[in-house]
Amino acid sequence: MASKTIKTMGVTPITNTIYYGNVNEEKGLWVGERKDVTDIAIASVFEWFMNQMDGKEEFGISYPDVPGFKLKMTRDEVKNGK
């Protein structure tokens, strides 16, 4: 029986690159072609954070599978480009 593959995104620990492609669900390994989506993924998450911060100085988020760790974005006014 052929192994099931799923389309997903993931980060490679060695290069810290975000890829989109097929992963063997059973083995958890990339199969076939994968595409580097690092820049677009980071831009999308940044935009998402900015939308969450609408009218706030700070926004934080945490995930249950990462205990003791919280991502936080703050808004600081930039004066004269610095």
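Of the residues making up region 23-34, those that are surrounded by 11 or more Cβ atoms within 10 Å (Cβ to Cβ) and out of contact with any Lys or Arg (no Cβ under 6 Å at 6 or more places or on another chain) are Val23, Asn24, Leu29, Trp30, Val31, Arg34.
Selection of region 17-34 for residues being modelled with pLDDT under 95, assigned to a loop (DSSP other than H, G, I, E, B) and not small (Gly, Ala, Ser) yields Glu25, Glu26, Lys27.
Taking the criterion of being part of a strand (DSSP E or B) and either assigned by TED's automatic domain parsing to the domain that holds Met73 or not charged (D, E, K, R) (or both), the residues of region 1-16 that qualify are Thr5, Ile6, Thr8, Met9, Gly10, Val11. Residues in region 7-22 that are loosely packed, with under 10 Cβ neighbours inside 10 Å and either among the small types (Gly, Ala, Ser) or more than 18 Å from Ile40 (Cβ to Cβ) (or both): Pro13, Ile14. Given the structure, is Asp39 within 19 Å of Gly10 (Cβ to Cβ) and among the charged types (D, E, K, R)? Yes; evaluated as a whole, the condition is true for this residue. Residue count for region 35-61 satisfying the condition of being assigned to a helix (DSSP H, G or I) and surrounded by 10 or more Cβ atoms within 10 Å (Cβ to Cβ): 13.
The values are calculated or read from the model by the stated rules, or taken from the named source; none is laboratory data. Given the structure is predicted, the values throughout are model-derived calculations rather than measurements. Methodologically, a virtual Cβ is constructed for each residue, glycine included, from the backbone with ideal geometry; neighbour enumeration extends over all protein chains shown.
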